[in-house]
Amino acid sequence: MTDVLALADDALVAAQRLAWWCSRAHDLEEDIALANIALDQLGAARLLLTYAGELEGAGRDEDALAYLRGPDEFRNCLLVELPDEDFAWAITRLLFLSAHQWLRYGELAAGPDPRLAEIAARAVKESAYHLDHARLWTKRLGDGTPESRRRMTAAVAGLWPFTLELVENRAAWLEIVDGALADATLERPADPADPPTGGRAGRHTPHLAALLEEMQSLHRAHPGVTW
Amino acid sequence: MLFEVFVRPRRGLSHTHVGSLHAPDPEMALRNARDVYTRRQEGVSIWVVPAESITASSPDEKDAFFDPAADKVYRHPTFYEVPEGAPHL
């Protein structure tokens with residue numbers, strides 16, 4: 001269950017962060033693109049949370065897991081919970097996350113758990129598009145104006161330490177990310193000696209608590225409310 | 001840059017103009033078109049064309065362009081006898 005919950009929480013928290021961009025991106029087209037990606041993440045999160053609840057066998061459904069857990073019960077990586085400093089951060093995070101998700105879902109789609117394989121087979125196609133979107137923007141921002149390059153360099157440097165928490169498929173992940181960074185004429189930062197970790201064990205930054213407070217506020221005010 | 005978007009709804013049909021959008025370049029325009037115009041399975045193929053590449057007839061030329069066709073009935077195939085049993089004509 002821990003593994004499924006990690007995937008689910010990565011997607012759920014990423015969806016919440018991406019949805020923040022709705023009406024804040026530089027044009028309507030990017031608003032829609034990021035909202036689409038957020039909804040893809042939310043769709044995957046719902047299926048994964050439902051399955052995680054079944055595996056747990058304690059009668060918790062997707063809503064109970066999304067809205068009634070505190071930060072220390074979330075298993076998402078720290079990368080997804082950090083707030084975006086600017087658009088470059090959003091794109092860099094999406095690049096790092098979607099490369100990871102694409103590899104993980106691809107692996108699970110061919111894995112032994114049929115239920116997880118079914119969810120992953122759908123999600124891997126969506127991840128391929130998220131990765132494509134992030135890659136194209138990385139290239140344009142990194143190899144764009146001096147200002148976009150400065151921001152992109154800062155975002156890559158700022159988020160890099162958090163990628164060391166994504167331990168599965170590191171070699172394959174580096175291959176994808178190195179390609180995207182090279183395309184954008186950006187340098188890969190050095191790995192820090194003591195990278196931040198703990199997300200998978202429920203030890204989070206204060207940013208997650210703030211995010212959850214907003215995400216769960218409606219459910220707390222009106223328990224069990226439906227649309 | 002402004003792009004005009006054409007979507008082919010199904011195999012066998014033509015690409016149809018569905019609207020326009022902004023994008024920094026053609027590659028991004030194609031992605032934006034996918035997100036803006038094919039969210040609900042509207043298409044199997046997309047074309048994007050820089051709006052400035054389109055040469056359009058002007059509303060001022062409407063009379064000169066289109067009115068003369070109105071009284072030339074001989075251009076319409078209405079004088080042919082349609083043979084019996086030609087269902088798709």
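The values are calculated or read from the model by the stated rules, or taken from the named source; none is laboratory data. The shown structure was predicted, so the numbers you read here are calculated from the model rather than taken from an experiment. All Cβ positions, even for glycine, are placed from backbone atoms using ideal geometry, and neighbour counts span all protein chains on display. Note: areas computed on protein heavy atoms with side chains; ligands, DNA, RNA excluded. Shrake-Rupley method; radii C 1.70, N 1.55, O 1.52, S 1.80 Å.
Scanning region A:119-133 for residues being out of contact with any helix residue (DSSP H, G or I) (no Cβ under 6 Å at 6 or more places or on another chain) and within 11 Å of A:A44 (Cα to Cα) gives a total of 1. Of the residues A:E62, A:E56, A:E107, the single one that is over 13 Å from the mean Cα position of the chain (by Cα), under 26 Å from A:L174 (Cβ atoms), open to solvent by 20 Å² or more (accessible area, probe 1.4 Å) and of a type in the set (D, E) is A:E107. Those strands (runs of 3 or more DSSP E) of chain B in which at least 1 residues are charged (D, E, K, R), over 26 Å from A:T138 (Cα atoms) and open to solvent by 70 Å² or more (accessible area, probe 1.4 Å), considering only elements entirely within it, cover B:2-8.
Within region A:31-53, being facing chain B (nearest Cβ under 9 Å) and open to solvent by 10 Å² or more (accessible area, probe 1.4 Å) holds for A:I32, A:A35, A:N36. A:L28: open to solvent by less than 10 Å² (accessible area, probe 1.4 Å) and either closer than 25 Å to B:V36 by Cβ or in contact with a Leu (Cβ under 8 Å, 6 or more places away or on another chain) (or both), yes or no? No; evaluated as a whole, the condition is false for this residue. Mind checking whether some residue in region A:145-155 is within 14 Å of chain B (Cβ to nearest Cβ) and part of a loop (DSSP other than H, G, I, E, B)? Yes, that holds for at least one residue.
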